[in-house]
Amino acid sequence: MGPRRFTSFSNVVAGALRSGTTMSHGINPSTRKPLWDIPVATAKDLDDAVTAGQDAFRKWSQTSWKERQNECGKPPQFADLEVAHSLRCLDFHIECEEPPPEIVQDDAELRLTLHHGPIGVVGGICPWNFPLVLGLFKLCPALLTGNCIIMKPSPYTPYTINKFAEIVAPAFPPGVLQALNGGTELGPMICDHPGIQKISFTGSTATGKKIMASVSSKLKDITLELGGNSAGIICPDVDVNIVAPQMALGAFFNSSQLCVASKRIFVHEDIYDAFLKAFVDVVGSWKLGPPTTEGVMLGPVQNEMQYNIVKSIFEDTARNGYKFALGSNGPFDESSFIIPPAIIDNPPDSSRVVTEEAFGPIVPVLKWSNEVELMKRVNDTNTGLGGAVWSNDLARAERLASKIEAGTIWINSFEKPLPQALLVGHKESGFGGEGGKHGLRAFMKPRMVHYYKSPVVGSKL
Ligand code: NAD
């Protein structure tokens, strides 16, 4: 049996599929043609979902960890369509052990125990760059820890998480897992809704700040997984022919639309020319085109908004006379959002291609000579999401890694998020973190129980 193709999409409210009077659609970035219709959720749909979530929460929050893991099982018809990382995310949560309560004190008089329980109805607001897996990294831990969740996909990629909810929601009591597609108003409505106790957001720093401001007046729980401008550091002792192909993946995977990708590559001056040549050779050899093309490595930028941002960085780079070691400032084929990759040879640290998160296939390679100066430049950013260090001298690699001001560091690997690892952004790259057993805490609130063992307490007060 070949893969099943979906052409109709719904919102999922209170265990039922719900359509609407207004529709939106995504755009195929390879052709700029509209994709399928999907209903736009209204304020009433959101109210109904919150009410259903609150009703469901009363019982769902009382179920056991094991019961919830059983319901999280992946249906085979969906597994066929799943990408490997999404499956790893599901597997991790299915196998994840329940964190035990922490006994802070236990003596003849008093047992003091710290428990962690669910928060309530969670709003899961998602970006467009990995619409399924980033959604699952909210949905799985939220449900496993006993919350109910209303998922909101990006309007650019509304299909996968809503379809996942359509298929999987029947395995849960109505209201536990719901999904609403919407336009620009729905995200703010979710953040504002008094029945939603927690916002789990992944997206840009600019939106994260707006969300933080909005929920602060309600004192809601919040996790923000935001943008980054991560540095990859290459020491002089590496073999450029081994590191350049890996760095190429780290910087250009998914046409550079990966939050933790290396977006500034610092290469030691002793191997700079050799690395740059190897790097350009690898990326230049990759096939570019729509995902339907056999052997394609680089597809389109996902949407027009991002396409225009990326193009403006190409233009700025060309206007300022910075050197394209690979690629050029167009002309681009405007029939799609495909942009051929560009590697910029040692532009100034103050250039837009260095200071901004392009989130598209244009990457600067920068020369460094001494570690003190290097670390100043690496940390001269208001972001702090990731970073990578490549060296055969492990003590040196660890020393440099410890000085990167960011939440996730890779040593001798390109940036590969893992389901068992917490992902957390420092500085303006985030607030709190999700992923792994430590990330479960983002969906739980603590409760301290003071248990006096003797019923006679009078004189102790
Ligand atoms: P975005 O901030 O534009 O949108 C993300 C989501 O927020 C969308 O669902 C959108 O509809 C919603 N939204 C927009 N305005 C809102 C508001 N005022 N209130 C509530 N919701 C609102 O981000 P994007 O362009 O979809 O994603 C790309 C960005 O996400 C990049 O900066 C990337 O680095 C970052 N990202 C971070 C991580 C991480 O784990 N740290 C992962 C992936 C992407």
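The values are calculated or read from the model by the stated rules, or taken from the named source; none is laboratory data. None of the values given here were measured: they were computed from a predicted structure. For neighbour counting, all protein chains shown are included, and Cβ atoms are generated from backbone atoms with ideal geometry for every residue, glycine included. Accessible surface areas use protein heavy atoms only, side chains included; no ligands, DNA or RNA. Shrake-Rupley method; radii C 1.70, N 1.55, O 1.52, S 1.80 Å.
When the residues of region 301-329 are narrowed to those that are open to solvent by 20 Å² or more (accessible area, probe 1.4 Å) and in a loop (DSSP other than H, G, I, E, B), which ends up nearest to the ligand (Cβ to nearest atom)?
Among those that are open to solvent by 20 Å² or more (accessible area, probe 1.4 Å) and in a loop (DSSP other than H, G, I, E, B), it is Q302.
State yes or no: is G284 touching a residue at least 12 places away in the same chain (Cβ under 8 Å) and surrounded by 17 or more Cβ atoms within 10 Å (Cβ to Cβ)? Break it down into steps so the answer makes sense when it comes.
Details: touching a residue at least 12 places away in the same chain (Cβ under 8 Å): yes; surrounded by 17 or more Cβ atoms within 10 Å (Cβ to Cβ): no.
Criteria not met by G284.
Has region 233-240 got at least one residue that is free of Cβ contacts under 8 Å to residues at least 60 places away in the same chain and within 13 Å of the ligand (Cβ to nearest atom)?
no
Being touching a Leu at 6+ places or on another chain (Cβ under 8 Å) and among the basic types (K, R) narrows it down to one of K287, K323, K311, so name that one. Can you show your working first?
On the way: K323 fails: touching a Leu at 6+ places or on another chain (Cβ under 8 Å); K311 fails: touching a Leu at 6+ places or on another chain (Cβ under 8 Å).
Of K287, K323, K311, the one residue that is touching a Leu at 6+ places or on another chain (Cβ under 8 Å) and among the basic types (K, R) is K287.
The rows are residues; the columns are (1) over 21 Å from E434 (Cα atoms); (2) among the polar types (S, T, N, Q).
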position	(1), (2)
F130	no, no
P170	yes, no
T184	yes, yes
I196	no, no
S200	no, yes
G203	no, no
A206	no, no
D221	no, no
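Spot the failing condition for L418; the list is (1) under 24 Å from the mean Cα position of the chain (by Cα); (2) surrounded by 23 or more Cβ atoms within 10 Å (Cβ to Cβ), and only one is missed.
It fails just one condition, (2).
Does S350 qualify as being away from the ligand (no atom under 15 Å from the Cβ), within 28 Å of the chain's Cα centre (by Cα) and open to solvent by 10 Å² or more (accessible area, probe 1.4 Å)?
Working: away from the ligand (no atom under 15 Å from the Cβ): yes; within 28 Å of the chain's Cα centre (by Cα): yes; open to solvent by 10 Å² or more (accessible area, probe 1.4 Å): yes.
Yes; evaluated as a whole, the condition is true for this residue.
Can you spot a residue in region 370-379 that is more than 16 Å from the ligand (Cβ to nearest atom), surrounded by 15 or more Cβ atoms within 10 Å (Cβ to Cβ) and in a strand (DSSP E or B)?
Of region 370-379, the ones more than 16 Å from the ligand (Cβ to nearest atom) are 370-379.
Keeping just the survivors that are surrounded by 15 or more Cβ atoms within 10 Å (Cβ to Cβ) gives 371, 374-375, 377-379.
With in a strand (DSSP E or B) added as a condition, the list becomes none.
Scanning region 370-379, I find no residue that is more than 16 Å from the ligand (Cβ to nearest atom), surrounded by 15 or more Cβ atoms within 10 Å (Cβ to Cβ) and in a strand (DSSP E or B), so the answer is no.
With the requirement that a residue be more than 10 Å from the ligand (Cβ to nearest atom), closer than 14 Å to V40 by Cα and aromatic (F, W, Y), what does region 139-165 give you?
Within region 139-165, Y159 is the sole residue that qualifies.
Give region 1-40 a look and list any residue that's part of a loop (DSSP other than H, G, I, E, B) and under 15 Å from E166 (Cα atoms), or say none.
Step one: of region 1-40, the residues part of a loop (DSSP other than H, G, I, E, B) are 1-10, 14-15, 19-22, 29-32, 40.
Correct list: R4, R5, F6, T7, S8, F9, S10, A14, G15, S19.
Please go through region 111-138 and pick out each residue that is more than 12 Å from the ligand (Cβ to nearest atom), open to solvent by less than 10 Å² (accessible area, probe 1.4 Å) and either under 30 Å from E304 (Cα atoms) or in contact with a strand residue (DSSP E or B) (Cβ under 6 Å, 6 or more places away or on another chain) (or both).
V121, V122, L136 - these are the residues of region 111-138 that are more than 12 Å from the ligand (Cβ to nearest atom), open to solvent by less than 10 Å² (accessible area, probe 1.4 Å) and either under 30 Å from E304 (Cα atoms) or in contact with a strand residue (DSSP E or B) (Cβ under 6 Å, 6 or more places away or on another chain) (or both).
Looking at V363, is it open to solvent by less than 50 Å² (accessible area, probe 1.4 Å), assigned to a strand (DSSP E or B) and closer than 19 Å to Q302 by Cα? Walk me through how you get there before you give the answer.
On the way: open to solvent by less than 50 Å² (accessible area, probe 1.4 Å): yes; assigned to a strand (DSSP E or B): yes; closer than 19 Å to Q302 by Cα: yes.
Yes.
Which pairs do you get when a residue that is open to solvent by less than 10 Å² (accessible area, probe 1.4 Å) and more than 9 Å from the ligand (Cβ to nearest atom), found in region 186-215, comes within reach of a residue that is among the hydroxyl-bearing types (S, T, Y) and part of a helix (DSSP H, G or I), reach meaning Cβ atoms under 9 angstrom, with the pair 6+ apart or on two chains?
From residues that are open to solvent by less than 10 Å² (accessible area, probe 1.4 Å) and more than 9 Å from the ligand (Cβ to nearest atom), the pairs are G195/T51.
Going through region 83-110 one residue at a time, which ones are within 16 Å of the ligand (Cβ to nearest atom) and open to solvent by less than 20 Å² (accessible area, probe 1.4 Å)?
Scanning region 83-110 gives S86, C89.
Name every residue in region 322-345 that is touching a residue at least 60 places away in the same chain (Cβ under 8 Å) and out of contact with any Phe, Trp or Tyr (no Cβ under 8 Å at 6 or more places or on another chain), in order of residue number. Break it down stepwise before answering.
Looking only at region 322-345, we keep the residues that are touching a residue at least 60 places away in the same chain (Cβ under 8 Å), and these are 335-339, 341, 343, 345.
Result: S335, S336.
Just give me the residues in region 106-123 being over 27 Å from T223 (Cβ atoms) and under 38 Å from the mean Cα position of the chain (by Cα), in sequence order. Reasoning before the result, please.
Start the filter on region 106-123 by keeping residues that are over 27 Å from T223 (Cβ atoms), which leaves 106-112.
Correct list: L112 only.
Say whether the condition of being within 15 Å of K263 (Cα to Cα), free of Cβ contacts under 8 Å to residues at least 60 places away in the same chain and out of contact with any His (no Cβ under 6 Å at 6 or more places or on another chain) is met by at least one residue in region 414-424. Quick ask: steps written out before the conclusion?
Taking region 414-424 and keeping what is within 15 Å of K263 (Cα to Cα), we get 414-416.
This time we only want the ones that are free of Cβ contacts under 8 Å to residues at least 60 places away in the same chain, so: 416.
So of that shortlist, the ones also out of contact with any His (no Cβ under 6 Å at 6 or more places or on another chain) come out as 416.
Yes; the residues of region 414-424 include at least one that is within 15 Å of K263 (Cα to Cα), free of Cβ contacts under 8 Å to residues at least 60 places away in the same chain and out of contact with any His (no Cβ under 6 Å at 6 or more places or on another chain).
Could you identify the single residue in G175, G182 that is within 8 Å of the ligand (Cβ to nearest atom) and at pLDDT 95 or above?
Values: G175 fails: within 8 Å of the ligand (Cβ to nearest atom).
Result of the check over G175, G182: G182.
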